[in-house]
Structure formats: C-alpha cells, structure tokens
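Encoded as structure tokens, the structure appears first; notes follow it.
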Amino acid sequence: MLRLGFPVIGVSDLPRAVTFWTAALNLTETGERASARWRALDHSDGSGHALGLMYSESPVEEYPRLHLDLLVDTSEEQLAEISRPVELGAHQVDWNNYPSEADFVVLADPDGNRFCVVDLSKAPSGS
C-alpha cells in the first residue's frame, strides 16, 4: 500500500545540512540507510522520521512550489525562531511576494532552500 513518507531536501553539502537541520529543529541523525548522498533525521523524542537530506547537484529554485512551513504560536516566538536559524547559518530572503499583513517570513537554509516561519496567531481563519 502506498503511504506518505517524510519531506526530503536536496542539499549540496550534506554534513553542513545535517548540522543545520538537527540544530534548527532539534532532530537527531539516524544511521538508517546513511550514505555519502543520504541522511535521515528523526524527531529527538523518538517519535519517528522528520526529514530526509539528499545530496543534489541541481540549482535551488528561486520560487519553489514546495517548501517547509515551520510553525509558532505567537509573534514573539516568530521573532525568536527567525533569529535562531539565522544564527545557525540561514538567511532571511528578500521576498517580493509577501501579502499585506503576512503571517510568514521566508528564510533560506545554508544551501539556499527556502522555508517559512509562520505565526499561527496571524494566520487567516477558515471562515
């Protein structure tokens, strides 16, 4: 039976990516299927796989159609959780597609892969 696995990010520097994503999201590297081109990262609480990292030679997409949303509950948390990945090597992206009163901030990991830090307190309601 087909089932959804976990997100995989293409990276140009696998050791650097492991260091960044384990610190940014409090994940642990597993030895499962580890190779020169692949690493799996698990939730540190033992609840299973969280993220895959795969060596890639393809260029980073400027406007990726698929990306990670990292969630926080308040504006204060958003500010802190933007600062932390930046201290780990990420950078804030000069994003020209922000809507007015955006609930997200676009960052890029050390490889240039885009992800968002979303403040759920500002997110539009479903009604």
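No lab work stands behind these numbers, since they all come straight from the coordinates. Since we're looking at a predicted model, the values are computed, not measured. Virtual Cβ from ideal backbone geometry, glycine too; neighbours counted across all protein chains shown.
For the chain, modelled as a Gaussian network with Cα springs under 10 Å, which listed residue fluctuates most, Pro99, Pro85, Pro110? Most flexible of the set in this elastic network: Pro99.
At 222 nm, what helix-only mean residue ellipticity would the chain give, in deg cm²/dmol to the nearest 500, using -39500 (n - 2.57) for each DSSP H run of four or more?
-6000 deg cm²/dmol
The charge dipole of the chain, taken about its Cα centre with unit charges on the Cβ of Lys, Arg, Asp and Glu (plus for the first two, minus for the last two), comes to roughly 520 debye.
The string of couplings for region 92-100 from the Karplus curve (6.51, -1.76, 1.60, θ = phi - 60°) is 6, 8, 6, 9, 8, 10, 5, x, 5 Hz, one whole number per residue in order, with x for Gly and Pro. Between the C-alpha center of region 2-17 and that of region 92-127 there is a gap of 21 Å.
Kirkwood hydrodynamic radius (Cα pairs, Å) of region 8-55? One over the average 1/r among Cα pairs gives 10.4 Å for region 8-55.
Compute the signed sum of charges (Lys and Arg +1, Asp and Glu -1) over the other residues within less than 15 Å, Cβ to Cβ, of Ser100.
-2
For Cα Rg over 2.2 N^0.38 Å, the value computed from the atomic coordinates appears in the list (i) 1.10; (ii) 1.05; (iii) 1.15 under label (i). Only sites in a loop by DSSP and with at most 15 other Cβ atoms within 10 Å count here; which trypsin sites (Lys or Arg not before Pro) in region 31-127 make the cut? Counting only loop positions with at most 15 other Cβ atoms within 10 Å, the trypsin sites (Lys or Arg not before Pro) in region 31-127 are Arg33, Arg37, Arg65. Over the chain, what is the mean sequence separation of C-alpha contacts under 8 Å (at least six apart), divided by residue count, expressed as relative contact order in percent? Dividing the mean separation by the residue count of the chain yields 24 percent. Taking a ≥ b ≥ c as the square roots of the Cα gyration tensor eigenvalues, region 68-122 comes out oblate, since a/c reaches at least 1.5 and a/b does not exceed b/c. Placing unit charges on the Cβ atoms only, positive for Lys and Arg and negative for Asp and Glu, gives region 86-125 a dipole magnitude near 100 debye about its Cα centre. The label point for Glu29 and the one for Leu66, both projected 7 Å from the Cα toward the Cβ, are 2.4 nm apart.
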